[in-house]
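Inspection log for the structure reproduced underneath, given as structure tokens.
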Amino acid sequence: MSTTFTIDSATSRATPVAAPMKRLTVPAIRRRKAAIAAGEGEPLVMLTAYTVRMAQLMDPQCDMLLVGDSLGQVIYGLPSTVPVTLEMMAAHAAAVVRGSYHALVVVDMPFGSYEASPEQAFESAARLLKESGAAAVKLEGGSAMAPTVAFLAERGIPVMGHVGLTPQAVNALGGYGARGRSAAEAAKIVGDARAVAEAGAFAVVIEGVVEPIAVEITNSVGVPTIGIGASAACDGQVLVAEDMLGLFERTPRFVKRYGDMAGYVAERVTAFADEVRARAFPGADQVYAPKE
């Protein structure tokens, strides 16, 4: 059953409502797997968020908000997610936490902040959670990262896994094409998902894989699967919000554009520029008159 919440000036944690809603928790998200399988729960909804205002607008309809390292491309114009830093992730995650009160906030661990050792991963994850107030971290990788997932989970840091197309490994993968087209690669992706789930991940993102892989993973792991370019059979879905809203002309094949915000913004900016050049803005309603 869908839930609708009223958005007003007090949706931010910085201006709490009189009776603030309890934020969704990691155990609550994990329990949705069984509810969905039994036909008693709805699929999980997750979108990326990088700013307070976007978090405020999306929070009422989202079960989870992902502060993705995709902010490197979306916000900073970087060529990939590889250059993103812990400082960037912590700052944006803190903004999203301040702008939300309902959704579970998950923050990506950037490239180079966790791969060297479980100890490095713990130090980076602890910093992200302490500085932002987010509830969980997400890291990319399969079987090779399972010991790290276990290390973090055993020390009280909730971890979301990420298998299939892993953008941080774009240099090794050679691009962003769909994964799992060969039998060997498909078997590896399924094994990766099972490994991180068994290691203690509370959910697993499956990105950019041929659909049967996503279905097999969803049916074989005991935690929720979140699809992005995967399958409607996953336990939930995630998209980059700016892609979904149509703020970019070019988007991945798996993105459905629910609007044309780029076109809308361009039209409004053109209208503003025309009025400025014609000295029609500001008008009488936008200037201050002297007191009599």
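The values are calculated or read from the model by the stated rules, or taken from the named source; none is laboratory data. Given the structure is predicted, the values throughout are model-derived calculations rather than measurements. Note that each Cβ is placed from the backbone with ideal geometry, even for glycine, and that neighbours are counted across all protein chains shown. Heavy atoms of the whole protein, side chains included, go into the accessibility calculation; ligands, DNA and RNA do not. Shrake-Rupley method; radii C 1.70, N 1.55, O 1.52, S 1.80 Å.
Structure above, values below:
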{"read-out": "Filtered residue count, segment 33-51, keeping only those that are open to solvent by less than 50 Å² (accessible area, probe 1.4 Å) and in a helix (DSSP H, G or I)", "value": "3"}
{"read-out": "Any hit, segment 257-280, residues being surrounded by 22 or more Cβ atoms within 10 Å (Cβ to Cβ), of a type in the set (G, A, S), modelled with pLDDT of 95 or more and part of a loop (DSSP other than H, G, I, E, B)", "value": "no"}
{"read-out": "Hey, L245 surrounded by fewer than 21 Cβ atoms within 10 Å (Cβ to Cβ), under 25 Å from I75 (Cα atoms) and of a type outside the set (S, T, Y) or not", "value": "yes"}
{"read-out": "Some residue of segment 168-175 being surrounded by 18 or more Cβ atoms within 10 Å (Cβ to Cβ), of a type outside the set (D, E, K, R) and touching a residue at least 60 places away in the same chain (Cβ under 8 Å)", "value": "yes"}
{"read-out": "Verdict on A230 being in contact (Cβ under 8 Å) with a residue 40 or more places away in the chain, under 18 Å from V45 (Cα atoms) and in contact with a helix residue (DSSP H, G or I) (Cβ under 6 Å, 6 or more places away or on another chain)", "value": "yes"}
{"read-out": "Subset of segment 52-81 [β-branched (V, I, T), under 22 Å from V204 (Cβ atoms) and either open to solvent by 30 Å² or more (accessible area, probe 1.4 Å) or assigned to a loop (DSSP other than H, G, I, E, B) (or both)]", "value": "T81"}
{"read-out": "Where a residue in segment 185-202 is under 13 Å from M145 (Cα atoms) and its partner, wherever it lies, is acidic (D, E) and open to solvent by 10 Å² or more (accessible area, probe 1.4 Å), with Cβ under 9 Å and at least six apart", "value": "A193/E216; G200/E154"}
{"read-out": "So A195, is it within 30 Å of A35 (Cβ to Cβ), assigned to a helix (DSSP H, G or I) and not acidic (D, E)", "value": "yes"}
{"read-out": "Members of segment 18-32 that are within 29 Å of G246 (Cα to Cα) and open to solvent by 10 Å² or more (accessible area, probe 1.4 Å)", "value": "R23, L24"}
